[in-house]
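*Asks:* This is the structure I have questions about; it appears just below.
The values are calculated or read from the model by the stated rules, or taken from the named source; none is laboratory data. Because the structure is predicted, anything quoted here is derived from the model rather than measured. Cβ atoms come from the backbone with ideal geometry, glycine included; neighbour counts cover every protein chain shown. Protein only, heavy atoms only, side chains kept; ligands, DNA and RNA dropped before computing areas. Shrake-Rupley method; radii C 1.70, N 1.55, O 1.52, S 1.80 Å.
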Amino acid sequence: MAAPMELSCWGGDWGLPSLHPESLTVMAYAKFSGAPLTVNTINNSWRTPKGDVPVLISEDTVISQPAKILNFLRKQKYNADYELSAKQGADTLAYIALLEEKLLPALLHTFWVEAENYCSVTKPWFASRIPFPLSLYLPGKMSREALNRILLTKGGPPLYSLTEVEAQIYRDAKECLNLLSKRLGTSQFFFGNTPTTLDAFVFGFLAPVYKVCFPRVQLQEHLKQLPNLCRFCDDILTCYFRLTVSGHSPSGQDTADANLQKLTQLVNKESNLIEKMDDNLRKSPQHPPRKLTTLKLAAGGEESSPLNRLSP
Amino acid sequence: MCNLPVRVVCRANAEYMSPSGKVPFIHVGNQVVSELGPIVQFVKAKGHSLSDGLDEVQKAEMKAYMELVNNMLLTAELYLQWCDDVTVEEITHPRYGSPYPWPLNRILAYQKQWEIRRKMKAIGWAGKSLEQVLEDVDQCCQALSQRLGTQPYFFNKQPTELDALVFGHLFTILTTQLTTDELSEKVKNYGNLTAFCRRIEQQYFEGHDKDNSGTAAARSAKRSLLR
């Protein structure tokens, strides 16, 4: 069980451990289930991303898609769904399908297809993490793949132009966010008080929308009108990605409960205050997570530029 | 399930008549509405809805399960029909091209196959083997079976759109002859799902067929589960 497992994925920014929804899902699940994972973010070295990202390497096995990675972790006895009933397990599958069908196209569009977002944020960010000359080619390829996927799955008649498809996918995504918000209600996680696979997937999809600063942000604005989803993302970020002591999440959560209550009150104020809270929390004295130090150092350099963009 | 009078007509050019290129579609007065989602909304706008009695959380669950069926079952059915070479050769090409003379039947079949394969590649299913697809179907059926439990319908006493959708897919899987029976075996593993299909068939289809002046095609299309 103690075979060291390495996860290769895209790095993070804007307070997130990763910008890539699937990488974020796997990282969140690993934190929830207590799996010891060394995270290697893809950076400017010559170990270029081949094929799918994220990739889990454990001894000799290489596993690439999030669903398969989570299955592997469960077989290694890192199971965050242990206490779920059969019906809740079925609900998990159904909600994940909902996310992939309704929310993912809009997410891909915001990141990769929307021209202003792509040119000013996504492309420079990803290109800076891929070695030259692949950095000239790979972001463009990812963008084309995203557009292809959106058009093939959502773009048939009677939607004949890209603008109609865009309108439809954003409508679907907003409806999906509303449904998730209704399902979450006032509870802390989707199935009670402990996070599960569904929480990992929802977090993986929502957090990039919530945190990344884009010029065109209609989805983010809609998300910010659903305070329980924003609170959900912030809770996971503060509990599992800042305060973990030894990679075993429940012990970190006990010490963070007092902080959590204070945080929940503040989260209910306007969204600008939420972002300032993130900065304050980072500077306050807490146990720094050992595994994420490399991430924090790498993210520290880029944080100054998004902050400059935020200030009026 | 809504007790609306409907006449089923089979046409070879149905896909072209439909406004979205997909079947089924309904023709009401001078309006044509295609695909399940819009048809449900249209019927709802006219005042018939099956899901009015559900609260918000249940409606969210219903939508999620409908997406699960669309995501997994529908994609698996398409994969099996168009990406599995044996099935394509023996069943799909002849069936799809049957209303047309040669060479149109081959051309149209290849065109559709190419289109479906492109879509599979875009969503990442092209790399899956048949076993993986069958495993996904099994997982989906397991989820549906666990959700259904011992209830007569998914949301207890009343049927909803989800019941109609699940019935449509499962009935087709159970009654369509393919080269192998693996897909229908996966569904048959779950007794409550087969009982569910049988119950809906008996309740809604066997009664109506007697009143229907139905076409011969409709009658031959009705294959009973009670074999």
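*Asks:* If you take the residues of the stretch A:137-196 that are of a type in the set (F, W, Y) and within 14 Å of chain B (Cβ to nearest Cβ), which of them is surrounded by the most Cβ atoms within 10 Å (Cβ to Cβ)?
*Replies:* Here the answer is A:F190.
*Asks:* May I ask you to verify whether B:E67 is within 12 Å of another protein chain (Cβ to nearest Cβ) and crowded, with 18+ Cβ neighbours inside 10 Å?
*Replies:* Yes, satisfied.
*Asks:* Could you go through the stretch B:79-89 and let me know if any residue there is within 30 Å of B:S51 (Cβ to Cβ), touching a Phe, Trp or Tyr at 6+ places or on another chain (Cβ under 7 Å) and away from chain A (no Cβ under 11 Å).
*Replies:* Scanning the stretch B:79-89 turns up at least one residue that is within 30 Å of B:S51 (Cβ to Cβ), touching a Phe, Trp or Tyr at 6+ places or on another chain (Cβ under 7 Å) and away from chain A (no Cβ under 11 Å).
*Asks:* Evaluate the stretch B:97-115: report whether one residue or more is within 30 Å of A:M142 (Cα to Cα), part of a helix (DSSP H, G or I), open to solvent by 20 Å² or more (accessible area, probe 1.4 Å) and among the aromatic types (F, W, Y).
*Replies:* yes
*Asks:* Sticking with this structure for a sec: When A:E100 is evaluated against the numbered criteria (1) in contact (Cβ under 8 Å) with a residue 12 or more places away in the chain; (2) surrounded by fewer than 22 Cβ atoms within 10 Å (Cβ to Cβ); (3) part of a helix (DSSP H, G or I); (4) within 14 Å of chain B (Cβ to nearest Cβ), which criterion, by number, is the only one it fails?
*Replies:* Exception for A:E100: condition (1).
*Asks:* Considering each of B:L36, B:L50 in turn, give the residue that is of a type in the set (A, V, I, L, M, F, W, C), in contact (Cβ under 8 Å) with a residue 60 or more places away in the chain and within 14 Å of another protein chain (Cβ to nearest Cβ).
*Replies:* After applying the criteria, what remains is B:L36.
Okay, residues lined up against (1) within 14 Å of another protein chain (Cβ to nearest Cβ); (2) in a helix (DSSP H, G or I); (3) open to solvent by less than 40 Å² (accessible area, probe 1.4 Å):
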| site | (1), (2), (3) |
| --- | --- |
| A:L16 | no, no, yes |
| A:V26 | no, yes, yes |
| A:F72 | no, yes, yes |
| A:N79 | no, no, no |
| A:Q88 | yes, yes, no |
| A:P105 | yes, yes, yes |
| A:C119 | no, yes, no |
| A:I130 | no, no, yes |
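*Asks:* Also, I was wondering about something else. Take the conditions away from every other protein chain (no Cβ under 14 Å) and β-branched (V, I, T) and apply them to A:V113. Does it pass?
*Replies:* So A:V113 does not fit the description; no.
*Asks:* Quick test for you: out of B:P5, B:P19, pick the one residue that is within 14 Å of another protein chain (Cβ to nearest Cβ) and assigned to a loop (DSSP other than H, G, I, E, B).
*Replies:* Testing whether each residue is within 14 Å of another protein chain (Cβ to nearest Cβ) and assigned to a loop (DSSP other than H, G, I, E, B) leaves just B:P19.
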